[in-house]
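*Asks:* Sharing a structure below in structure tokens format, with a few things to ask.
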Amino acid sequence: MISPRYHREKPQRYRLEAGKCTKCGEIHFPPRKVCRKCFAREFETVELPRRGKVVTCTTVWIPPAEFDDQKPYVNAIVELENGVRLTVMISEAPPDEVDIGTEVEIVFRRLQHGPAWEVIRYGYKARVIAG
Amino acid sequence: MRDVAVIGMGLTPFGELWDTSLRDLFAIACADCLEDAGVARDQVQSAYIGCMTSGLFVGQEHLASVLCDYAGLRGLAATRVESACASGGAAFRAAYLEVASGASDFVLAGGVEKMNDGADATYCLATAADQEYEAYNGVTFPGLYAMIAKAHMAKHGTTPQQLAAVAVKNHRNGAKNPKAQFPLEISEKTVLGAVRVAEPLGLFDCSPVTDGAACVLLAPVEFARKLGKPVVKIIGSGHATDAIALHDRKDPSTIPVVALAAQRAFKQSGLTIRDIDFAEVHDCFTIAEIVCTEELGIFEPGQGGPAAAAGKTARDGEFPVNTSGGLKSKGHPVGATGIAQICELYAQLTGNAGGRQLKNPRRGLAQNMGGSGGSCTVHILEVEQ
């Protein structure tokens, strides 16, 4: 992955920065230039809440090459406390501990293991909250 | 808008075609199509060619010129059309609109994908998902449809056996299709016992990685009536897009873009799903066929699984789905799939579907979908009585 493309998404991947429409309040993650709800064009930066619940999930056994060292892993769609949804990889949990409704928190992790000459790719994963 | 007909088709065998290049695949389908239509090459005025990602699969972009040149059509006005796995359907719609508008009389709609040339197919296909916010986090295409399956199972009680019924039925149809990549009958046990790809989907819930090309030629219906062949008219064309990311859509057990595209095609034709005799549906995964048959209105939400298991979508069932073998058995060269679906409708409606021929079908529907439901085309074809 080339570094400008990586650099541009850092506020989202490192800090979960979203764009809140100053007119209608709709929250977009990642931020957008045009509000999908009211078509306005002004936003303020807000951070997403860190806790949420699994909406649906899967265990991936056959990943692309960059994720091969992590297989099998669980991917999930997580709905955060403010209703925003993210696609995440679940960190540090065996597949049978994750199901629809499982409570998770977002954590910062290294995501992909590319060739040595490329940028190391970090971002968010989700961790199961111990019940 | 004037009425438009399909007047010929060309389809390569589907499979791992190591000795045939991207350009040669297209040239074969194109030449077969013009021969079938009985139209000379200098009569063809333009072409729209669906291809998802030749740049990643074989390193070649600028397809319109290389494909037309090698097909013997140098000079033709031609455009490559991309909408992930719905590229073929989108190309067909563009060709249809050009003839319907009166701008051209003879327009080729084609599709091609060369997926077996050494590239990492899982990576290439994942570019049809949100590259920064889905694929970056490790989601694969089977993974996205697995999450749709998981949500559908939780909401409606859909079972792995019902998913398997789709694969078994499509392979039974594909076994009658000489162009199919895997023309083999399989058992439920084979599907359920297969190696896991993304839970709850195993290898036999997934369409294969395929090389292939397909072409159809479109012309005004008045011209088609002079040919002395059955006249197959395009009576509905619907197209829609939705958010690319599955997480940006409200209910992951549904694929609303399918209903939206279908609604547009039905509105144009003045018909409902009850007026349709059979369909080619985008079964990139077994769960996709189940959800799409619900979105098209063939079955109520949640009834797609039980209907498949009860044989309602079989060739002799109440609403045959994927008589060609579908993407599952016939193969899924992504850019060619939407056109190959039209080829199956054309073959069925003209009585040329061989061992899988339905009894006198009048209207068929083709539904071609991009990504996890970010785009969709629906076309309805009717044979004049």
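The values are calculated or read from the model by the stated rules, or taken from the named source; none is laboratory data. Quick caveat: nothing in here was measured; it's all calculated off a predicted structure. Using ideal geometry, Cβ is built from the backbone for each residue, glycine included, and neighbour counts are taken over all protein chains shown. The accessibility values were calculated without ligands, DNA or RNA, using every heavy atom of the protein model including side chains. Shrake-Rupley method; radii C 1.70, N 1.55, O 1.52, S 1.80 Å.
*Asks:* Of the residues that sit in segment A:61-78 and are assigned to a strand (DSSP E or B) and out of contact with any Pro (no Cβ under 6 Å at 6 or more places or on another chain), which one is surrounded by the fewest Cβ atoms within 10 Å (Cβ to Cβ)?
*Replies:* Going through the qualifying residues, I end up with A:Tyr73.
*Asks:* So, in segment B:150-167, exactly how many residues are more than 8 Å from every other protein chain (Cβ to nearest Cβ) and either touching a strand residue (DSSP E or B) at 6+ places or on another chain (Cβ under 6 Å) or surrounded by fewer than 23 Cβ atoms within 10 Å (Cβ to Cβ) (or both)?
*Replies:* Within segment B:150-167, residues that are more than 8 Å from every other protein chain (Cβ to nearest Cβ) and either touching a strand residue (DSSP E or B) at 6+ places or on another chain (Cβ under 6 Å) or surrounded by fewer than 23 Cβ atoms within 10 Å (Cβ to Cβ) (or both) number 8.
*Asks:* Same structure, new question: How many of the residues making up segment A:85-113 are touching a residue at least 40 places away in the same chain (Cβ under 8 Å), in a loop (DSSP other than H, G, I, E, B) and either under 10 Å from the mean Cα position of the chain (by Cα) or more than 10 Å from chain B (Cβ to nearest Cβ) (or both)?
*Replies:* Matching residues across segment A:85-113 total 3.
*Asks:* Could you please find all residues in segment B:99-126 being free of Cβ contacts under 8 Å to residues at least 60 places away in the same chain and surrounded by fewer than 24 Cβ atoms within 10 Å (Cβ to Cβ)?
*Replies:* Here is the first cut: in segment B:99-126, the ones free of Cβ contacts under 8 Å to residues at least 60 places away in the same chain are B:103-104, B:118, B:120, B:122, B:126.
Residues satisfying the conditions are B:Ala103, B:Ser104, B:Gly118, B:Asp120, B:Thr122.
*Asks:* Looking at the structure I just gave you, is B:Asp283 in contact (Cβ under 8 Å) with a residue 24 or more places away in the chain, among the acidic types (Asp, Glu) and under 29 Å from B:Val58 (Cα atoms)? Walk me through it before giving the result.
*Replies:* Working: in contact (Cβ under 8 Å) with a residue 24 or more places away in the chain: yes; among the acidic types (Asp, Glu): yes; under 29 Å from B:Val58 (Cα atoms): yes.
Yes; evaluated as a whole, the condition is true for this residue.
*Asks:* I would also like to ask the following. State whether one or more residues within segment B:249-264 are open to solvent by less than 10 Å² (accessible area, probe 1.4 Å), closer than 17 Å to B:Gly325 by Cβ and not aliphatic (A, V, I, L, M).
*Replies:* no
*Asks:* I would also like to ask the following. Go through segment B:9-24 and report how many residues are crowded, with 24+ Cβ neighbours inside 10 Å and not hydroxyl-bearing (Ser, Thr, Tyr).
*Replies:* Matching residues across segment B:9-24 total 5.
*Asks:* Residues to consider are B:Ser329, B:Ser324; find the one that is farther than 22 Å from B:Lys226 by Cα and assigned to a loop (DSSP other than H, G, I, E, B).
*Replies:* Sole residue among the options that is farther than 22 Å from B:Lys226 by Cα and assigned to a loop (DSSP other than H, G, I, E, B): B:Ser324.
*Asks:* State all residues of segment B:332-359 that are in a loop (DSSP other than H, G, I, E, B), over 22 Å from B:Gln385 (Cα atoms) and in contact with a Lys or Arg (Cβ under 8 Å, 6 or more places away or on another chain); if no residue qualifies, say none.
*Replies:* B:Pro333
*Asks:* Separate question: Are any of the residues in segment B:213-231 within 14 Å of another protein chain (Cβ to nearest Cβ), modelled with pLDDT of 95 or more and not in a helix (DSSP H, G or I)? Before you say what the answer is, go through the steps one by one.
*Replies:* Step one: filter segment B:213-231 for residues within 14 Å of another protein chain (Cβ to nearest Cβ), giving none.
Taking every residue of segment B:213-231 in turn, none turns out to be within 14 Å of another protein chain (Cβ to nearest Cβ), modelled with pLDDT of 95 or more and not in a helix (DSSP H, G or I).
*Asks:* Listed residues B:Ile234, B:Ile298, B:Ile287; which is buried (at least 21 other Cβ atoms within 10 Å of the Cβ) and within 14 Å of chain A (Cβ to nearest Cβ)?
*Replies:* B:Ile287
*Asks:* What number goes with the only condition from (1) of a type outside the set (Ser, Thr, Tyr); (2) under 17 Å from the mean Cα position of the chain (by Cα); (3) part of a loop (DSSP other than H, G, I, E, B); (4) modelled with pLDDT of 95 or more that A:Gly52 does not pass?
*Replies:* Result: A:Gly52 passes all but (3).
*Asks:* Return the residues of segment A:36-75 that are over 24 Å from B:Ala121 (Cβ atoms), within 14 Å of chain B (Cβ to nearest Cβ) and among the hydrophobic types (A, V, I, L, M, F, W, C); say none if nothing qualifies.
*Replies:* Selection gives A:Leu48, A:Val54, A:Val55.
*Asks:* Next up: Just one of B:Arg315, B:Arg274 is without any contact (Cβ under 8 Å) to a residue 60 or more places away in the chain and closer than 29 Å to B:Gly355 by Cβ; which is it?
*Replies:* B:Arg274
*Asks:* Being in contact with an Asp or Glu (Cβ under 8 Å, 6 or more places away or on another chain), of a type outside the set (A, V, I, L, M) and outside any loop (DSSP other than H, G, I, E, B) is the filter here; which residues of segment A:25-49 pass it?
*Replies:* Listed by number, the residues that qualify are A:Thr45, A:Glu47.
*Asks:* What number of residues within segment B:333-374 satisfy the criterion of being open to solvent by 10 Å² or more (accessible area, probe 1.4 Å) and among the hydroxyl-bearing types (Ser, Thr, Tyr)?
*Replies:* Residues in segment B:333-374 being open to solvent by 10 Å² or more (accessible area, probe 1.4 Å) and among the hydroxyl-bearing types (Ser, Thr, Tyr): 2 in total.
*Asks:* Additional query: Can you tell me which residue in segment A:11-35 is farthest from the other protein chains (Cβ to nearest Cβ), limited to those that are open to solvent by 60 Å² or more (accessible area, probe 1.4 Å) and among the charged types (D, E, K, R)?
*Replies:* A:Lys23
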